[in-house]
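Novice: Please see the structure below; I have some questions.
The values are calculated or read from the model by the stated rules, or taken from the named source; none is laboratory data. Remember, it's a predicted structure, so these values are computed and weren't measured experimentally. Neighbour counts run over all protein chains shown; Cβ positions are idealised from the backbone, glycine included.
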DNA sequence: CAGTCTATCGCAACATGTTGCAATAAGCAT
DNA sequence: ATGCTTATTGCAACATGTTGCGATAGACTG
Ligand SMILES: [Mn+2]
Ligand SMILES: [Mn+2]
Ligand SMILES: [Zn+2]
Ligand SMILES: [Zn+2]
């Protein structure tokens, strides 16, 4: 797990967004954004705290979670929920996608925007809702497990 | 919140299922099933613990959560996840349905089997997954909030 | 009914988040 | 550079679950 800096672009966008709102850029926030950038893909809050503490042992859970909320509020981070409901975070920048969890074999599959399009359209047609693909987690049985169970 | 007994049918089905597996029918389980039956609709683990303790102050969280897992394993209870990811339980017997959560206005809407059918079909077509409707929670913007935001 | 076996219970410790509050420090003004 | 204002931090307490373990008590046997 190499130490990795968030791209200059992201850091500067963040600083600008904060300044515009009278908010502050801190060393803690820099570290948390760096860790998120290095954790490409998915990481739970607890995992992020652990990695942040490698860089700054005095960091506390409250700061990490509040920063994650801040980043989500600014649209720079997203979360979805794993099979146990725990939040899992990633920086915006990854392509938007949903998640599928198989309760038979535990497999987790990503659902890219193209594959999701007809699903989101069906949701809107049936309910009027515009679903957040990034936040969508579907639980069920994958094709292989359905075949194995003869369903 | 009246004290209410689970229907005889359910209790007897439970006792039979347990006996067949060398498991036991206990006073605690009776109370938890009764509370679930009285909490028609949705209740979180914490809410259920509180209600169980009204009947039996010595009941502990571990017993309640383990019993909920047991009931789910037997197919007699189900859960889905609220907007915060927290598990929300109900007894089987309610018609199977999914949930929609609007992040704009906070509205929560149920998705019955008929309305869900085309959505589940789209999921299977796109991914091969058979989705669990009971466990499905879709987060996004309701029609009214989409209109308000001009999306 | 008393005795045995062991599933289940309650407890204690832990894991993961959340919140109120006083101390700190970022950003700005002088 | 120095001081001010107040957003942010770290702490402590709390909320919600989870897990290992020894004590309790269902269910069955004789
Ligand atoms: Mn779940
Ligand atoms: Mn969420
Ligand atoms: Zn599977
Ligand atoms: Zn809405």
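Novice: Are any residues in region B:102-131 over 14 Å from residue A:140 (Cα atoms), at the interface with chain A (Cβ under 9 Å from one of its Cβ atoms) and in a strand (DSSP E or B), and if so, which ones?
Specialist: B:102, B:109, B:111
Novice: Out of B:119, B:31, which single residue is over 26 Å from residue A:86 (Cα atoms) and in contact with a helix residue (DSSP H, G or I) (Cβ under 8 Å, 6 or more places away or on another chain)?
Specialist: One residue alone meets the criteria, B:31.
Novice: Sticking with this structure for a sec: Name the residue, out of B:135, B:80, that is more than 8 Å from every other protein chain (Cβ to nearest Cβ), closer than 25 Å to residue B:29 by Cβ and surrounded by 17 or more Cβ atoms within 10 Å (Cβ to Cβ).
Specialist: Within the list B:135, B:80, the selection yields B:80.
Novice: While we're here: Quick check, is residue B:60 in contact with a strand residue (DSSP E or B) (Cβ under 7 Å, 6 or more places away or on another chain) and either at pLDDT 95 or above or not assigned by TED's automatic domain parsing to the domain that holds residue B:25 (or both)?
Specialist: In short, no.
Novice: Another question, then. Output yes when any residue across region A:47-62 is outside any loop (DSSP other than H, G, I, E, B), under 13 Å from the mean Cα position of the chain (by Cα) and within 12 Å of another protein chain (Cβ to nearest Cβ), and no when none is.
Specialist: At the first step, the residues of region A:47-62 found to be outside any loop (DSSP other than H, G, I, E, B) are A:47-55, A:61-62.
Those left that are additionally under 13 Å from the mean Cα position of the chain (by Cα): A:47-48.
Now drop any that are not within 12 Å of another protein chain (Cβ to nearest Cβ), which leaves none.
The answer is no, given that none of the residues of region A:47-62 is outside any loop (DSSP other than H, G, I, E, B), under 13 Å from the mean Cα position of the chain (by Cα) and within 12 Å of another protein chain (Cβ to nearest Cβ).
Novice: For the structure I just gave you, tell me whether residue A:134 is at pLDDT below 95, over 30 Å from residue A:9 (Cβ atoms) and away from ligand 3 (no atom under 16 Å from the Cβ). Let's see the steps before the verdict.
Specialist: Details: at pLDDT below 95: yes; over 30 Å from residue A:9 (Cβ atoms): no; away from ligand 3 (no atom under 16 Å from the Cβ): yes.
So residue A:134 does not fit the description; no.
Novice: Conditions first: (1) touching a helix residue (DSSP H, G or I) at 6+ places or on another chain (Cβ under 7 Å); (2) more than 16 Å from ligand 2 (Cβ to nearest atom). Residue B:87 passes all but one, so which condition is the exception?
Specialist: If we test residue B:87 against (1) touching a helix residue (DSSP H, G or I) at 6+ places or on another chain (Cβ under 7 Å); (2) more than 16 Å from ligand 2 (Cβ to nearest atom), just (2) comes out false.
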